[in-house]
Amino acid sequence: MGIRVEDGFGSQRSAAALEYLREGGRIDFGRCSIALRESGTAVAVIASRWQPGLLNEALAAEELGALEQALEELKEAWPAFKKQMGETRVRLQLSYDYGGGSVLLCERDGAGIRWDVSD
């Protein structure tokens, strides 16, 4: 479970959230989350609005685009997060939450969408 951040980005809670992120924890915002890996990359995940059987490449691209937009909005609203992320490479992932857990559906790391991924 991550630390949820939605507003108050100058608060003590937001400072704690950034520290948690640096230590390998996850920050949750909206239906998205982000975590830093030991490799130095970040993994951002958005929960799909579509069941896996209904998902296609165009819908996945739309969902991953929404994740990209959410990350940009978070950086604009939270300068300390933007500074923390710097030039960090971010893997964008789409997951499906089925109630008892979640499954990774696809990711975009560069231009294309890969369906055969494991975290």
For this session: Report Rg/Rh for the chain, rounded to two decimals, where Rg is the Cα radius of gyration and Rh the Kirkwood radius.
Result: 0.96
Seminar exercise, completed: Dividing the helical contributions, -39500 (n - 2.57) per DSSP H run of n ≥ 4, by the residues of the chain yields a 222 nm value, nearest 500 deg cm²/dmol, of -10500 deg cm²/dmol
For this session: Rank these by accessible area, largest first, 1.4 Å probe: 54, 104, 94.
Result: 54, 104, 94
Problem set entry | At 0.692 mPa s and 37 °C, Stokes diffusion of segment 57-108 via Kirkwood alpha-carbon radius, µm² per second | 265
Exercise. What GluC sites (Glu not before Pro) does segment 33-119 have in DSSP loop regions with at most 12 other beta carbons within 10 Å?
Worked result: 38, 87
Exercise. Could you give the accessible area per residue of segment 1-41, probe 1.4 Å, as a whole number in Å²?
Worked result: 60
Problem set entry | Over 12 Å [Cα-Cα, segment 35-74], rounded percent | 64
Seminar exercise, completed: The percentage of the accessible area of the chain (probe 1.4 Å, all protein chains present) made up of carbon and sulfur atoms, to the nearest whole number, is 49
For this session: Give a residue-ordered list of calculated ³J(HN,Hα) values for segment 102-110 (Karplus: 6.51 cos²θ - 1.76 cosθ + 1.60, θ = phi - 60°; whole Hz; x for Gly, Pro).
Result: 9, 10, 6, 9, 6, 8, 10, 10, x
Seminar exercise, completed: Descending accessible area (1.4 Å probe), largest on the left, turns 97, 28, 109 into 97, 109, 28
For this session: Once you've got the GNM for the chain with C-alpha springs shorter than 10 Å, pick whichever of 77, 35, 60 has the biggest mean-square fluctuation.
Result: 77
Seminar exercise, completed: Under a 1.4 Å probe, counting only protein heavy atoms, residue 78 has an accessible area in Å², nearest 10, of 0
Problem set entry | Using alpha-carbon coordinates, inclination of helix 57-77 to the longest axis of the chain, degrees | 10
Problem set entry | Crossing angle, helix 12-22 versus the chain [Cα axis fit, 0-90 degrees, rounded to tens] | 60
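The values are calculated or read from the model by the stated rules, or taken from the named source; none is laboratory data. Everything numeric here is computed off the predicted structure, so don't read it as measured data. A quick note on method: Cβ atoms are made from the backbone with ideal geometry, for glycine too, and the neighbour counts reach across all protein chains shown. For the accessible areas, the whole protein counts, side chains as well, though only heavy atoms, and no ligand, DNA or RNA atoms are used. Shrake-Rupley method; radii C 1.70, N 1.55, O 1.52, S 1.80 Å.
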